[in-house]
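Everything on this sheet refers to the single structure shown next.
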Amino acid sequence: GSLKERIVMAGDERPNLLEAGVLALSDELLWSVQEGRGDWIDLIIECVCKLGSKIPVYAALVGLVNTEHPDYGKHFVNAVHARLETATLNDDFVTQKLLLRTAAELANSGALYMSGLVGLLMDFAEVASNEKAHRLKRDYAALTVMGTLPWCCERVSEEKRDELEDLFTLFRDYMS
């Protein structure tokens, strides 16, 4: 199939073939990017938003391409951030959740600095602790961050322990 089809189908392989499939796909994606045949960022983000169970696969794919082409990760992270802003403005809570989880996995794969992830988490936590914000937005911001932490908490606690404590302080304020 085409590269587009293989990107959409990424992660559908049997578990014993998954690693080889992602590695082969990352090589093809890297070649496409280097040859100027497209970066496929919009497609991958669309897949993340529609196929949330594959977030780790897509983040690993981006991370692998990023190791050889560091600008790719930066462009991808910027696109995730832009899409996250749009989702926030449109109160698209499901997309916010999926993109924040994607950011966590991008940090795990090395395509996003841990400080960038912590900044995103703090932005959402500040909405949750803002008493002037609409209650639904506060609750969903809190739920989104709490639902993202299992995807990244171990690494955040290793690398950004103080910031994680600050995040927990915001949640204590939210819950009181």
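Brief remarks follow.
- Accessible area of residue 174 (1.4 Å probe, protein heavy atoms only, ligands and nucleic acids ignored): about 30 Å².
- Global size of the chain: 16.8, 54 Å for Rg and Dmax (C-alpha atoms, Rg to one decimal, Dmax whole).
- Accessible area (Å², 1.4 Å probe, nearest 10) - residue 134: 120 Å²
- Residue among 164, 99, 136 with the largest mean-square fluctuation in a Gaussian network model of the chain, springs linking Cα atoms under 10 Å: 136
- Most fluctuating residue given options 23, 112, 100, as computed from a GNM of the chain linking Cα atoms under 10 Å: 23
- Here the range 25-95 exposes an accessible surface that is 52 percent carbon and sulfur, computed with a 1.4 Å probe and the other protein chains kept in place.
- Highest-MSF residue in the chain out of 98, 25, 121 [GNM, Cα springs under 10 Å]: 25
- When 129, 115, 176, 26 are compared by accessible area at a 1.4 angstrom probe, the order from most to least is 176, 115, 129, 26.
- Think of it as helices only: each DSSP H run of n ≥ 4 in the chain is worth -39500 (n - 2.57), and spread over all residues that comes to -27000 deg cm²/dmol at 222 nm.
- Exposure check, 1.4 Å probe, all protein chains in place: residue 6 carries approximately 80 Å² of accessible surface.
- Computed about the Cα centre, the dipole magnitude for the range 44-121 is approximately 160 debye when only Lys and Arg (+1) and Asp and Glu (-1) carry charge, each at its Cβ.
- Accessible area per residue, Å², the range 1-75 with all protein chains present, probe 1.4 Å: 55 Å²
The values are calculated or read from the model by the stated rules, or taken from the named source; none is laboratory data. Fair warning: this is a prediction, and the values are worked out from it, not measured in the lab. Here the Cβ is made from the backbone with ideal geometry for all residues, glycine too, and neighbour counts use every protein chain on show. SASA here: full protein model, heavy atoms, side chains in, ligands and nucleic acids out. Shrake-Rupley method; radii C 1.70, N 1.55, O 1.52, S 1.80 Å.
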